[in-house]
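J.: Here you go, one structure.
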Amino acid sequence: MKLRPVVPAELPAELRQSNNFKVEVDAMPGGFVCSGSLKYAFGPKEVRRAVAGKQPVRKLFSKEQRRFYAEHAPEGLALDDLSILGPLFVLKLRFIPPGLDRRLVAELWLYPDGSRVAELSTRCAPGEAFQVAAETRAHLAQAGVDLSGEQQTKTRKALKYFAKAFDGEGE
């Protein structure tokens with residue numbers, strides 16, 4: 001479960017200290033946005049049951065996530081009011097590229113219409129963010145990666161795509 005945008009210092013200490021919570025910064029040319037995500041692992045059976053309508057959507061979330069949702073969701077919008085969108089095919093690879101002493105994560109999100117979004121990410125301490133961003137960007141440019149393409153978050157594209165399809169305007 002992800003909340004975007006967030007101001008990390010304004011989040012409750014209990015949430016920030018949770019082992020299931022993390023703050024991330026999505027940096028793109030022209031700006032950045034902080035988000036907070038609260039993770040919970042469940043099995044494929046639960047997802048299939050919810051997609052088939054045999055289990056309430058809220059059962060896909062932990063008690064901690066349900067509390068987080070209740071605190072931040074729009075008034076009157078319950079978890080069971082949400083629609084399940086998808087699926088998407090996602091390829092994910094963790095690797096350390098030659099010449100860069102840090103791990104990158106590459107994700108390729110493939111949409112049913114043939115479009116795709118690629119994302120490269122890395123982790124670092126908050127105080128290192130600008131230095132790591134500059135070093136990583138320089139390494140990618142030197143490796144011939146074109147960084148001038150249209151920038152958008154994979155989540156925003158997925159929501160727009162499936163909302164359009166859900167409303168009957170897409171596939």
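J.: Can you figure out the FRET efficiency of LYS54 with VAL7, using R₀ = 41 Å and their beta-carbon distance, to the nearest 0.05?
T.: Efficiency at R0 = 41 Å is approximately 0.60.
J.: Can you tell me which of GLU71, GLU119, GLU46 moves the most in a GNM of the chain? Springs connect C-alpha atoms under 10 Å apart.
T.: GLU71
J.: Quick one: length gained pulling VAL145 to GLU119 fully straight, 0.36 nm per residue minus the C-alpha distance?
T.: Here the segment from VAL145 to GLU119 would lengthen by 8.2 nm.
J.: May I pose another question? Quick check on the chain: helices-only [θ] at 222 nm, where DSSP H runs of length 4 and up contribute -39,500 (n - 2.57) each and the sum goes over total residues. Nearest 500, please.
T.: Calculated at 222 nm, the ellipticity per residue is -8500 deg cm²/dmol.
J.: Roughly what % of Cα-Cα distances in the chain sit above 23 Å, to the whole percent?
T.: Tail fraction, whole percent: 52.
J.: Give me the net charge for the shell around ARG102: Cβ to Cβ below 15 angstrom, other residues only, Lys and Arg +1, Asp and Glu -1.
T.: That sum, taken over residues with Cβ under 15 Å, equals +1.
J.: Sketch the reach of a paramagnetic label on LEU77 as a point 7 Å from Cα along Cα-to-Cβ, and name the residues of the stretch 1-15 whose backbone nitrogen lies under 16 Å away.
T.: Zone members listed by number: 1-6.
J.: Quote to one decimal, in nm, the extra length available between PHE130 and GLN17 on full extension: 0.36 nm per residue of separation minus the C-alpha distance between them.
T.: Computed gain between PHE130 and GLN17 is 38.3 nm.
We did not get these values from a lab; they are worked out from the coordinates using the rules stated. All of these numbers come straight from a predicted model, not from anything done at the bench. Ideal geometry is used to build each Cβ from the backbone, glycine not excepted, and the neighbour counts take in all protein chains shown.
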